[in-house]
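Novice: To start, I am sharing the structure in question, which I have written as structure tokens.
The values are calculated or read from the model by the stated rules, or taken from the named source; none is laboratory data. Bear in mind that the values here come from a model prediction, so they are computed numbers and not experimental data. Virtual Cβ from ideal backbone geometry, glycine too; neighbours counted across all protein chains shown. Surface areas here come from the heavy atoms of the whole protein model, side chains and all, with no ligands, DNA or RNA. Shrake-Rupley method; radii C 1.70, N 1.55, O 1.52, S 1.80 Å.
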Amino acid sequence: MKNKILLISIMIMVLLPSILLGKNHIEKIKVIPEPKSVKVLNGSFRLSSNCKIKISTTSLTALSDYLNSQIKHHFKVDVASNRQSKNCIELIITSKSKLDTEAYELRIERNKVQIIASGNEGVFYGIQSLMQIGCSQFEDNQNVIDLPCCVIKDKPRFSWRGFMLDESRHFFGKEKVKQLIDLMAFHKLNRFHWHLTDAPGWRIEIKKYPKLTSVGGKGCHSNPDAPVTFYTQEEISEIIEYAKERFIVIIPEIDMPGHATAAVKAYPEYSGGGSKKHPEFTFNPGKEETYNFLEDILLEVAELFPSEWMHIGMDEVHFGNKQWATLPDVKQLMVQNDIKDLKGVEKYFAHRMDSIVKSMGKITTGWDEIVEHQLPSNKTLIMWWRHDKPEIMTEALKREYKTVLCPRIPCYLDFVQHDSHTIGRRWKGDFVTLEKVYEYPILSNKIKRKQVKNIVGLQANMWTEQIKNEKQLDYMIFPRLSAFAESAWTKTKNKSYDNFIDKMSWMYRFYRSQGLYYFNIIDPDKSPEFVDQRVNR
Ligand code: ACM
């Protein structure tokens, strides 16, 4: 008898938690990037065609449609048709709470889900978290998804959570860009920096100068004879609109005065020459006509892109500016303006272009070389990329430039991600592992608190010299973009690499469902086999 009682007591003790909590109780919500706070509750909300979406104001109509399309896309469930249901997902904008623009609260209860924010942006991020919770629970061939009850309160660490794509070296096209924009949104990234011009190809239609694309759009990094590829202005507008619906701002980059080879191939009259390794690399900074030409181009770009920021490159000019010293126009410019050396010419060029950009009401944005040119700090954004020059970042912050951190290591996704890999760059043998991306930024405590405020965010940069096709592109981006998203959104105290790796189990399944290729760091043998590092080179 005693034994029987003991056995029953043990059984109750073992079974009680699952009886009380429900059989689908889970311990952890696996959202990437990790939210600010998460409380898991008992029970679950059943997402099925028996649910409906309710909105607190008509300004949420487009987001309600978006949520519906996302539920259909991820779970093959149509929630729109059922008007009678008690189970609803409520999108709520409230002026009562003091939520920041991008902040949201997500409450999953047994018979309702609420996403509460101060505006559409916050609601959008709440939707992303909801979709991720669903995806982390969802296995194929289900027609109901049980979403664990929880309360999430969330807001980002940084306002700039960027991703850059270089489409000059290799061109991927509208559908791929839209897919990447969707994946950015899924990870709560909000700035798409589009590197549209460089030495191998000019990829944006400029109506006043059609040869920029008909001549400059021919070729790519791996094949100078590749057919012409570029985006028409109409396609660009379509992509901008697509991104805007996902709260992503697109920042165009027209690289100058270096990396100009494709442009001066089309219009050699503006060439400032180059070097043996980088022929015809620059624009001619001594000619007034060059500034008129560039102003015309930027005018069309500014009209097309609503972005506050206009990126004018300004990187690596020294690769090919030696011929400037021999050009009569440049010599004359130096005499007239008392300029002593080519650095001074570069500075002159930077200031001329800065006033053109400012006349269009935009913020001049450039790679960290522009710190040397002393542009006005209140209307200039710096992208710090030279990881081997930390003093440039410190200088930028000290001079109160708003600064985006995107150092090669660990923010360049064209770097090798595993020692065994052969496609991708290295820097003195060093490369960019998933963990390095995840742990970034580790800021030196020499940077003063006041200066840290000038760091507006982080950016992952995808250069494409070595990236020839979509599979290789995906393989370099994923899973590092997932780790990067957590670096850009989540405060250090809420981050844990072990927890991140644990969360990735469903993310790999998600990548596969989206037809993406990726490197499986946990189990390299399970990486998609056809991205053999020796193939496609
Ligand atoms: C750069 O990587 N040249 C900005």
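Novice: Which of the residues that make up region 268-279 are open to solvent by 20 Å² or more (accessible area, probe 1.4 Å) and either touching a strand residue (DSSP E or B) at 6+ places or on another chain (Cβ under 6 Å) or part of a loop (DSSP other than H, G, I, E, B) (or both)? Working first, answer last.
Specialist: Here is the first cut: in region 268-279, the ones open to solvent by 20 Å² or more (accessible area, probe 1.4 Å) are 268-271, 275-279.
Correct list: Tyr270, Ser275, Lys276, Lys277, His278, Pro279.
Novice: Of all the residues that make up region 356-397, how many are under 22 Å from Asn321 (Cα atoms) and open to solvent by 40 Å² or more (accessible area, probe 1.4 Å)?
Specialist: Qualifying residue count for the region: 3.
Novice: Just wondering, is there one or more residues in region 404-415 that are away from the ligand (no atom under 16 Å from the Cβ) and open to solvent by less than 70 Å² (accessible area, probe 1.4 Å)?
Specialist: Checked region 404-415: no residue is away from the ligand (no atom under 16 Å from the Cβ) and open to solvent by less than 70 Å² (accessible area, probe 1.4 Å).
Novice: May I pose another question? How many of the residues making up region 385-399 are more than 23 Å from the chain's Cα centre (by Cα), closer than 14 Å to Ile370 by Cβ and away from the ligand (no atom under 14 Å from the Cβ)?
Specialist: 2
Novice: Kindly indicate whether any position in region 364-372 is away from the ligand (no atom under 14 Å from the Cβ), at pLDDT 95 or above and closer than 18 Å to His195 by Cβ.
Specialist: yes
Novice: Oh, and also: How many residues are among the aromatic types (Phe, Trp, Tyr), within 14 Å of Ile145 (Cα to Cα) and open to solvent by 20 Å² or more (accessible area, probe 1.4 Å) if we restrict to region 59-108? Before you say what the answer is, go through the steps one by one.
Specialist: Within region 59-108, the first condition is being among the aromatic types (Phe, Trp, Tyr), and the residues that meet it are 66, 75, 104.
Cutting the leftovers down to within 14 Å of Ile145 (Cα to Cα) gives us 75.
The next check asks that each one be open to solvent by 20 Å² or more (accessible area, probe 1.4 Å); those that pass are none.
The number of residues fulfilling the criteria is 0.
Novice: If we scan region 280-294, do we find a residue that is within 16 Å of the ligand (Cβ to nearest atom) and part of a loop (DSSP other than H, G, I, E, B)?
Specialist: Yes - at least one qualifying residue is present in region 280-294.
Novice: If you take the residues of region 303-326 that are assigned to a helix (DSSP H, G or I) and open to solvent by less than 20 Å² (accessible area, probe 1.4 Å), which of them is nearest to the ligand (Cβ to nearest atom)?
Specialist: My answer is Val317.
Novice: Just give me the residues in region 244-264 being in a helix (DSSP H, G or I) and buried (at least 22 other Cβ atoms within 10 Å of the Cβ), in sequence order.
Specialist: Residues satisfying the conditions are Thr261, Ala262, Ala263, Val264.
Novice: Go through region 444-460 and give me each residue that's surrounded by fewer than 16 Cβ atoms within 10 Å (Cβ to Cβ) and part of a loop (DSSP other than H, G, I, E, B).
Specialist: Ser444, Asn445, Lys446, Lys448, Lys453
Novice: Filtering region 373-384 down to residues that are in a strand (DSSP E or B) and either free of Cβ contacts under 8 Å to residues at least 12 places away in the same chain or not polar (S, T, N, Q) (or both), which residue is farthest from the ligand (Cβ to nearest atom)? Break it down stepwise before answering.
Specialist: We begin by selecting, within region 373-384, every residue in a strand (DSSP E or B); these are 380-384.
Within this subset, residues satisfying the condition of being either free of Cβ contacts under 8 Å to residues at least 12 places away in the same chain or not polar (S, T, N, Q) (or both) are 381-384.
Numbers: Leu381: 14, Ile382: 12, Met383: 7, Trp384: 10 Å.
Filtering first and then ranking leaves Leu381.
Novice: Let me ask you something else. Exactly one of these conditions fails for Tyr209: (1) in contact (Cβ under 8 Å) with a residue 60 or more places away in the chain; (2) open to solvent by less than 10 Å² (accessible area, probe 1.4 Å); (3) in a loop (DSSP other than H, G, I, E, B); (4) more than 28 Å from Gly457 (Cα to Cα). Give me its number.
Specialist: (2)
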